[in-house]
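Colleague: This is the structure, below, for whatever I ask next.
The values are calculated or read from the model by the stated rules, or taken from the named source; none is laboratory data. From a predicted model like this one, the values you see are computed outputs, not experimental measurements. So basically every Cβ, Gly included, is an ideal-geometry build from the backbone, and we count neighbours across all protein chains shown. Protein only, heavy atoms only, side chains kept; ligands, DNA and RNA dropped before computing areas. Shrake-Rupley method; radii C 1.70, N 1.55, O 1.52, S 1.80 Å.
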Amino acid sequence: MMKKTALLSKKEGRIVNVSSRRHKFSYPEGIRFDKINEQSGYNRLSAYGQSKLANVLHAKELAKRLKEDGVEITANSVHPGAVATNLFRNFGLANGLVSLFGKFVIKTMEQGAATTCYVALHPQVKGKSGLYFADCNVVEVSEQANDTNLAKKLWDFSLSLVSKRPNTP
């Protein structure tokens, strides 16, 4: 639908994946394809990093494919920053520290949304695709997030999961 809309409207479409700097702290292998649902070796912070790494890899692979298709749609990922959410609700000590000191370092919801809005709407981002933004600037990603083979493997793995789903009406 986005491809059709971009073509008919002659306006750039933009896809923004919300990720996190935590993508730099995934498992050593990046994405645990062979252990995606296994409990052994599970670490909730590494799993969170894995999910955020997947967001960055997806945006990069999607950007590459959209460019190959010749459509005027960009795909980027963003780090909103540490935003006042209940992410640490299950981390007793961390939750207490965030509540106590968070107001000095944690962004408001509006501040956290700024980079997402910038990448989605600002004219300076026109035509920029496959990039990672934080604080409204392009920033470097981890070595794993720059791995084009890992991005393609994730893409193919995701498609294999979709093809295994039962048909629903």
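Colleague: From (1) surrounded by 10 or more Cβ atoms within 10 Å (Cβ to Cβ); (2) at pLDDT 80 or above, pick out the condition that doesn't hold for Ala94.
Modeller: (2)
Colleague: Could I ask something else about it? Report, by residue number, each residue of region 1-32 that is among the basic types (Lys, Arg) and either outside any helix (DSSP H, G or I) or farther than 19 Å from His79 by Cα (or both).
Modeller: Hits for region 1-32 are Lys3, Lys4, Lys10, Lys11, Arg14, Arg32.
Colleague: I've got another one for you. Based on this model, can you work out whether Ala6 counts as open to solvent by less than 40 Å² (accessible area, probe 1.4 Å), over 27 Å from Leu66 (Cβ atoms) and of a type outside the set (Phe, Trp, Tyr)?
Modeller: The answer is no for Ala6.
For every residue, the table says whether it meets (1) out of contact with any Phe, Trp or Tyr (no Cβ under 8 Å at 6 or more places or on another chain); (2) free of Cβ contacts under 8 Å to residues at least 40 places away in the same chain; (3) open to solvent by 90 Å² or more (accessible area, probe 1.4 Å); (4) on the phi > 0 side of the Ramachandran plot.
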residue: Val119; (1), (2), (3), (4): no, no, no, no
residue: Pro123; (1), (2), (3), (4): yes, yes, yes, no
residue: Gly127; (1), (2), (3), (4): yes, no, no, yes
residue: Tyr132; (1), (2), (3), (4): yes, no, no, no
residue: Val139; (1), (2), (3), (4): no, no, no, no
residue: Asp147; (1), (2), (3), (4): yes, no, no, no
residue: Ala151; (1), (2), (3), (4): yes, no, no, no
residue: Phe157; (1), (2), (3), (4): no, no, no, no
residue: Leu161; (1), (2), (3), (4): yes, yes, no, no
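Colleague: I'd like to verify a number: residues in region 28-48 that are surrounded by 13 or more Cβ atoms within 10 Å (Cβ to Cβ), under 16 Å from Ala151 (Cβ atoms) and not aliphatic (A, V, I, L, M), how many?
Modeller: Going through region 28-48 one residue at a time, the tally reaches 3.
Colleague: Looking at region 50-82 only, could you name the residues that are more than 29 Å from Thr5 (Cβ to Cβ), modelled with pLDDT under 95 and open to solvent by less than 40 Å² (accessible area, probe 1.4 Å)?
Modeller: Gly81
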